[in-house]
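These notes are about the structure you will find just below.
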Amino acid sequence: MAKATFRIWRGTKENGAPKDYTTEVGEGMVVLDAVHQIQAESAGDMAVRWNCKAGKCGSCSAEINGNPRLMCMTRLSDLPLDEPVTVEPMRAFPLIKDLVTDVSWNFDVKKKIKKFKPRKPDAADGTWRIAQEDVERVQEFRKCIECFLCQDVCHVLREHHKHNEFIGPRFLTYVAALEMHPLDVEDRLEDLKSKDGIGYCNITKCCTKVCPEGITITDNAIIPLKERVVDRFYDPLKKLFSVFTKSS
Amino acid sequence: MATEFSTFEHDVLVIGAGGAGLRAAIEASAAGLKVGLVCKSLLGKAHTVMAEGGVAASLANVDDRDDWKVHFADTMRGGQYMNNCRMAQLHAQEAPARVRELEAWGALFDRTQDGKILQRNFGGHRYPRLAHVGDRTGLEMIRTLQDHGIHQGIDVHMEVTVIDLLKDGERVVGALAYDRERGRFKVYKTRAIVLATGGIGRAFKITSNSWEYTGDGHALAYEAGAELMDMEFVQFHPTGMVWPPSVRGILVTEGVRGEGGILKNKDGRRFMFDDIPANYKTQTADNEEEGWRYVTGDKNARRPPELLTRDHVARCINREVKAGRGSPHGGVFLDIAWIQAKVPNGAEHIKKKLPSMYHQFKQLAGLDITKEPMEVGPTTHYAMGGVRVDGDTQMSCVPGLFAAGECAAGLHGANRLGGNSLSDLIVFGKRAGEYAAKFAKENKSGSIDDNQVEALAKKALAPFERTGGENPYAIQHELQDSMQDLVGIVRTQSEMEKGLAKIQELQKRAQKTGIEGNREFNPAWHTALDLKNLLIVSEAVTRAALERRESRGAQFREDYPEKSAEYAKANHVLKRERDGSMKLIKTPVPTVPADLQAIIQENA
Ligand SMILES: Cc1cc2nc3c(=O)[nH]c(=O)nc-3n(C[C@H](O)[C@H](O)[C@H](O)COP(=O)(O)OP(=O)(O)OC[C@H]3O[C@@H](n4cnc5c(N)ncnc54)[C@H](O)[C@@H]3O)c2cc1C
Ligand code: SF4
Ligand code: SF4
Ligand code: FES
């Protein structure tokens, strides 16, 4: 069997460095398999998150040869193995150890987004009738596995560290899922404009490119939200209209 | 030197944040109590996220002949009447309301033409019954519960592993845990505990389960004096991936067969038609054409044999492989591509109905399921066995200790029907939360023995002090190999006795593990601590399976290939003796009251 070398980040931020491990690679192996094999052979205390091994849970995010990827869905056969494969933790979040970062900020952000608020049930049995096409519009966003790779790659967070002013592509997608939910009646546009910082996004589309679920984050979620914000707050005609409707 | 602890106090502590744990926590906090929720992974990553096919509830949106009675009868038949009939009844009655409640909390299921929740066919369910979202139903469910739960004031502790339950007399009053990130100890003081820790799949080599499934809740309950039941019934799902080797065991949803996927051997024969069990004969199609009509919604057609119960399908696949009629990598073929001959725009149809299966095979196996058949074989999937609980309240025999979801036993009997787990989680998660809250309100808090806590923490740290000790990963792998080979899908006395001896050997070696590094996010340490639990559940499975000298549901004994009326009478219960040994007790299967008996008969 062939061997390959993996250059894996070991240690903490203050006290860490990449370290080379060579291990055997077999057919169909993914990066996560190699990491596990190394863990069992020679680095028992190497920290790594994973659960499903099938791209469903979003636990195993890392930067492989510099690209934000899921380790369990990155096949070795798609990587050049004649040079070391670098495996590093996500950079937009504080490092805990090895490949594990502190992603708790994401969970805090979500808590601050106004929760789902359904309209009154429309059927006599207390349920709702919803058309499949209305469901499909938001199902795309609801596919999100919360891997936070889009957050990792977004320059507003990664380079400019605007974690306090910008919720990032994952949560803009989340807000889009709520705003476009066929039953939801909550209003989140003021928040989007102010505390969610949607204005920071300058539509580079890097988030969309890395999303392992193939969610068209920028075009389908962020841009429509931006349009709604513009319509509400910046369109003079709409403003006038809203004055009229209010007074009537 | 005294170890450092941080201490937390809650009215109800829920251990596990999958569907069952989240639902329990939501319910307990809705009762106005202070609720703590701990989980080993990040929030939203529990097994529930991986569930694909759907959640079973007799909403009768697709076939109006369905109701709770038929669902109840299906569940009992699937479980070979080893079920706790009270749980099967409550489950069937309450599942529809629990599913609708998810919708009210924001879940968006696929729809019927008239805008209701769509339901799909699944093995052992008489009518299309599984509400679903493509093939990512579990994600929809866990996200809905998670997003609802975070606004309920629940105190969530992520990446925290509970290692011991603490008692005051007979009652549980707390738990000792460590946080994975830093390795610091935490003591949770509480008046009631809900275990919702999931299954035991990591005891086997080929499994659809993640690292989390080390049977922690089973073992914690057992050590606290609770009973484990039905542990011999381990579900081997018929369709796991078999190739390439690194993905062996990863699940291929039953939804593939629900959408018309067929099983074939290397000669192209649909072998499932060759062996249809007597008790399912009247409900099963006897030709391919009728089977296809069934999956496309013809109410007069009977289901194709691919949708027989999982235990049976898994054994048929096993037989084909053993007889040399398998696929190149030791499985059989599962073909969904063939439906293109039947439906317009077939490739798009398949991608839409089974998006994550398409994705999974494309990315992990380089195979396009709209063009080629998949190779599949059995994989360890689900534990029907678990903590023995009261059907109404979910409390174990230890006061204050509740269990719900996969770690509890009773609902599924000898074999679980697909889709009946997700519904189990929300029905009994809610009940466990409700009754745990009630217990907490009615009972004062107990006291925790600091010396005991100190001693337990010291024991947990012992592997750091041993140099040149056993490698915990190696012990885990040896156990998985042994369980797979000796206590797997086909069992015999002599092999299981060997398996038991191996477990006993590993139990000794597991006490001598040595690890390197420090306490910060150290998987070797985590693995070392999990070993105790894996070994307890492995022993329980093996002992219960040895004693059951018959084949029933998920248990297949080569030396006793038939069902036995005598063994139908008792569930096997395992309990810890004072001297620490494991004792097996035969407990009569709960009698089915006349009204329920009549329902079973009507739906035979
Ligand atoms: C791939 C796959 C597909 C499936 N598809 C379906 C389907 O379509 N329909 C269906 O009905 N069922 C399906 N199942 C089964 C179903 O998903 C599971 O049985 C169910 O999700 C279990 O839920 P749970 O709440 O009991 O546990 P889980 O969701 O597994 O959650 C367990 C929780 O307990 C925590 N935990 C465990 N030990 C400890 C500890 N020591 N300390 C602290 N926390 C701990 C874990 O971190 C986790 O949060 C599927 C299973 C798999 C693996
Ligand atoms: S499109 Fe917007 S959110 Fe996405 S990466 Fe670029 S700036 Fe960030
Ligand atoms: S939107 Fe995509 S990249 Fe971002 S967290 Fe969700 S799945 Fe990951
Ligand atoms: S392990 Fe679940 S996404 Fe990689």
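So, counting K/R as plus one and D/E as minus one, what does the shell of residues with Cβ under 11 Å around B:Ala510 add up to? Mind dumping the intermediate values first?
Working: positive: B:Lys508, B:Arg509, B:Lys512, B:Lys532; negative: B:Glu470, B:Glu478, B:Glu505, B:Asp530.
Summing Lys and Arg as +1 and Asp and Glu as -1 gives 0.
Just grab the label-to-label distance for A:His161 and A:Ser77, each label 7 Å out from Cα along the Cβ direction, in nm (one decimal).
4.3 nm
Over the alpha-carbon set of the range A:171-237, divide Rg by the Kirkwood Rh and report the Rg/Rh ratio to two decimals.
Working: Rg = 12.2 Å, Rh = 12.5 Å.
Ratio value, two decimals: 0.97.
Can you check what the net charge comes to around B:Ile585, using other residues whose Cβ is under 13 Å from the Cβ of B:Ile585 (Lys, Arg +1; Asp, Glu -1)?
Numbers: positive: B:Arg388, B:Arg543, B:Lys575, B:Arg576, B:Lys583, B:Lys586; negative: B:Glu227, B:Asp230, B:Glu547, B:Glu577.
In short, +2.
Residues of the range B:91-118 with accessible area at least 30 Å² lower in the all-protein-chain context than alone (1.4 Å probe)?
Correct list: B:Arg100, B:Glu103, B:Ala104, B:Gly106, B:Leu108, B:Asp110, B:Arg111, B:Gly115, B:Lys116.
Tell me which of A:Tyr174, A:Gly11, A:Thr208 sits at the most positive position along the dipole axis of chain A, charges placed on C-beta atoms (Lys, Arg +1; Asp, Glu -1).
Value computed over the given set: A:Tyr174.
Share of antiparallel DSSP beta bridges in chain B, in percent to the nearest 5? Could you put the intermediate results ahead of the total?
Details: 44 of 68 bridges.
Restricted to chain B, the bridges split so that about 65 percent are antiparallel.
Could you sort out which of A:Lys56/B:Lys502; B:Lys167/B:Lys532; B:Lys40/B:Lys438; B:Lys116/B:Lys281; B:Lys167/B:Lys441; B:Lys458/B:Lys508 sit more than 29 Å apart by Cα distance in this structure?
Details: A:Lys56/B:Lys502 34 Å; B:Lys167/B:Lys532 19 Å; B:Lys40/B:Lys438 26 Å; B:Lys116/B:Lys281 32 Å; B:Lys167/B:Lys441 18 Å; B:Lys458/B:Lys508 19 Å.
As for pairs spanning more than 29 Å Cα to Cα, those are A:Lys56/B:Lys502; B:Lys116/B:Lys281.
Roughly how far apart, in whole Å, are the Cα centres of the range B:237-286 and the range B:545-587?
A separation of 28 Å, based on Cα centres.
Hey, which lysines would be in cross-link range of A:Lys13, C-alpha to C-alpha under 21 Å, not counting anything within fewer than 8 residues on its own chain?
Partners found: A:Lys97, A:Lys162.
Peptide B:472-484: average number of partner chain Cβ atoms within 10 Å per residue?
Working: counts 2, 5, 1, 0, 1, 1, 0, 0, 0, 0, 0, 0, 0.
Across the residues of B:472-484, the mean count of other-chain Cβ atoms within 10 Å is 1.
Averaged across B:241-252, how many Cβ atoms of other chains sit within 10 Å of each residue's Cβ atom?
Values: counts 2, 0, 2, 8, 5, 15, 7, 1, 1, 5, 3, 0.
The mean count of partner-chain Cβ atoms within 10 Å per residue comes to 4.
Can you tell me the accessible area per residue over the range B:43-163, all protein chains present, probe 1.4 angstrom, in square angstrom? List each step's numbers first, then the result.
Numbers: 2750 Å² over 121 residues.
Per residue, the range B:43-163 has an accessible area of 23 Å².
Quick one: which bits of the range B:359-378 get at least 20 Å² less accessible when the partner protein chains are in, versus the chain alone, with a 1.4 Å probe?
When all protein chains are present, B:His359, B:Gln360, B:Gln363, B:Leu364 each give up 20 Å² or more of accessible surface.
Please report, to one decimal in angstroms, the Kirkwood hydrodynamic radius of the range B:473-604 built from all distinct Cα-Cα pairs. If you can, show how the numbers build up before the last one.
Working: mean 1/r = 0.0582 Å⁻¹.
Radius from the Kirkwood sum: 17.2 Å.
In the range B:210-227, what residues drop by 20 Å² or more of accessible area when the other protein chains are put back, versus the chain on its own? Use 1.4 Å, and skip ligands and nucleic acids.
Checking the loss per residue gives B:Ser210, B:Trp211.
Are there GluC sites (Glu not before Pro) in the range B:51-118 that DSSP puts in a loop and that have at most 15 other Cβ atoms within 10 Å, and which ones?
Working: sites: B:Glu52, B:Glu94, B:Glu101, B:Glu103; in loops: B:Glu52.
The qualifying sites: there are none.
Mind grabbing the accessible area of B:Glu602 for me, 1.4 Å probe, Å², rounded to tens?
In the full protein context, B:Glu602 sits at about 140 Å².
For each pair in A:Lys209/B:Lys353; B:Lys264/B:Lys362; B:Lys430/B:Lys512; B:Lys45/B:Lys342; A:Lys120/B:Lys351, compute the distance between the two Cα atoms and list the pairs where it is over 31 Å. Numbers along the way, then the final one.
On the way: A:Lys209/B:Lys353 24 Å; B:Lys264/B:Lys362 21 Å; B:Lys430/B:Lys512 41 Å; B:Lys45/B:Lys342 38 Å; A:Lys120/B:Lys351 34 Å.
Beyond 31 Å between Cα atoms: B:Lys430/B:Lys512; B:Lys45/B:Lys342; A:Lys120/B:Lys351.
Jot down the per residue volume, in cubic angstrom and as a whole number, of the convex hull over the alpha-carbon atoms of the range A:104-236. Let's see the in-between values first.
On the way: hull volume 16.1 nm³, N = 133.
That works out to 121 Å³ per residue.
With a 1.4 Å probe and all protein chains in place, put B:Glu497, B:Glu539 in order of accessible area, largest first. All intermediate terms of the calculation are to be shown ahead of the outcome.
Numbers: B:Glu497 95, B:Glu539 20 Å².
Reading off the accessible areas and sorting them downward yields B:Glu497, B:Glu539.
Find out how many positive minus negative residues lie around B:Gly249, taking Lys and Arg as positive, Asp and Glu as negative, among other residues whose Cβ is under 10 Å from that of B:Gly249.
+3
Roughly speaking, what is the stretch gain from B:Ile585 to B:Asp368, that is 0.36 nm per residue apart minus the C-alpha to C-alpha distance, in nm to one decimal? Walk me through the intermediate numbers first.
Working: separation 217, 0.36 × 217 = 78.12 nm, distance 5.00 nm.
Length gained, B:Ile585 through B:Asp368: 73.1 nm.
Quick one: accessible surface of B:Val592, probe radius 1.4 Å, all protein chains present, in square angstrom to the nearest 10.
B:Val592 has an accessible surface of roughly 40 Å² with all protein chains in place.
Taking every Cα atom in the range B:137-237, find the radius of gyration and the maximum pairwise distance Dmax, and write them in Å.
Looking at the range B:137-237, its Cα Rg and Dmax stand at 15.6, 42 Å.
Add -39500 (n - 2.57) for each DSSP H run of 4 or more in chain B, then divide by its residues: what number comes out at 222 nm, to the nearest 500 deg cm²/dmol? Let's see the in-between values first.
Values: 16 runs with 214 residues, N = 604.
Dividing the helical sum by the residues of chain B leaves -11500 deg cm²/dmol.
What is the Cα centroid distance between the range B:392-413 and the range B:35-99, reported in whole angstrom?
Value for the Cα centre distance between the two parts: 15 Å.
Taking θ = phi - 60°, what integer Hz values does the Karplus form 6.51 cos²θ - 1.76 cosθ + 1.60 yield along the range B:319-333, in sequence order, with x for Gly and Pro?
For the range B:319-333, the Karplus-derived couplings read 5, 4, 5, 4, 7, x, 9, x, 7, x, 9, x, x, 10, 9 Hz, x marking Gly and Pro.
Pull out a ≥ b ≥ c, the square roots of the eigenvalues of the alpha-carbon gyration tensor of the range B:439-479, then state rounded if a/c is under 1.5, prolate if not and a/b is larger than b/c, and oblate in the remaining case.
On the way: a/c = 7.80, a/b = 2.15, b/c = 3.62.
Since a/c reaches 1.5 but b/c is at least a/b, the shape of the range B:439-479 is classed as oblate.
Relative to the present Cα-Cα distance, how much length would full extension add between B:Lys458 and B:Lys322 at 0.36 nm per residue of separation?
Details: separation 136, 0.36 × 136 = 48.96 nm, distance 4.89 nm.
Full-extension gain reported as 44.1 nm.
Computed on protein heavy atoms with a 1.4 Å probe, what is the summed buried accessible area for the chain pair A and B, in Å² to the nearest 100?
Numbers: alone 13610 and 22520 Å², together 31270 Å².
Interface between A and B: roughly 4900 Å².
Sort the protein assembly as shown into rounded, prolate or oblate with this rule: let a ≥ b ≥ c be the square roots of the eigenvalues of the Cα gyration tensor; rounded if a/c is under 1.5, and if a/c is not under 1.5, prolate when a/b is larger than b/c, oblate otherwise. Walk me through the intermediate numbers first.
Values: a/c = 1.27, a/b = 1.10, b/c = 1.16.
It comes out rounded by the Cα gyration axes.
Over chain A, one equal point on each Cα, no solvent: what is log10 I(q)/I(0) by the Debye formula at q = 0.07, 0.12 Å⁻¹?
Debye output, listed in q order: -0.31, -0.77.
Would you work out if the range B:240-379 is rounded, prolate or oblate? Take a ≥ b ≥ c from the square roots of the eigenvalues of the alpha-carbon gyration tensor; rounded if a/c is under 1.5, else prolate when a/b is larger than b/c, oblate otherwise.
Working: a/c = 1.90, a/b = 1.13, b/c = 1.68.
It comes out oblate by the Cα gyration axes.
Tell me the carbon and sulfur percent of the accessible area for chain B, rounded to whole percent, probe radius 1.4 Å.
On the way: 9610 of 20100 Å².
Carbon and sulfur: 48 percent of the exposed surface of chain B.
Return the percentage of antiparallel bridges among DSSP beta bridges fully within the protein assembly as shown, rounded to the nearest 5 %.
On the way: 64 of 91 bridges.
Within the protein assembly as shown, antiparallel bridges account for around 70 percent of the total.
Using the alpha carbon gyration tensor of chain B, what are the three equivalent-ellipsoid semi-axes (square root of 5 times each eigenvalue), largest first, in whole Å?
Numbers: eigenvalues 278, 145, 111 Å².
Rounded to whole Å, the semi-axes are 37, 27, 24.
For the protein assembly as shown, with the dipole built from +1 on Lys and Arg beta-carbon atoms and -1 on Asp and Glu ones, taken about the Cα centre, which of B:Gly174, B:Ala285, B:Val343 lies farthest toward the positive end?
Of the options given, the answer is B:Gly174.
When the Cα centres of the range A:100-168 and the range B:313-361 are compared, how far apart do they sit, in Å?
34 Å
Taking the range B:499-578, which trypsin sites (Lys or Arg not before Pro) meet the DSSP loop condition and have no more than 11 other C-beta atoms within 10 Å? All intermediate terms of the calculation are to be shown ahead of the outcome.
Details: sites: B:Lys502, B:Lys508, B:Arg509, B:Lys512, B:Arg519, B:Lys532, B:Arg543, B:Arg548, B:Arg549, B:Arg552, B:Arg557, B:Lys563, B:Lys569, B:Lys575, B:Arg576, B:Arg578; in loops: B:Lys512, B:Arg519, B:Arg548, B:Arg549, B:Lys563, B:Arg578.
Answer by residue number: B:Arg578.
The values are calculated or read from the model by the stated rules, or taken from the named source; none is laboratory data. Given the structure is predicted, the values throughout are model-derived calculations rather than measurements. When we count neighbours, we look across all protein chains shown, and the Cβ atoms used for this are built from the backbone with ideal geometry, even at glycine. Ligands, DNA and RNA are excluded from the accessible area calculation, which covers all protein heavy atoms including side chains. Shrake-Rupley method; radii C 1.70, N 1.55, O 1.52, S 1.80 Å.
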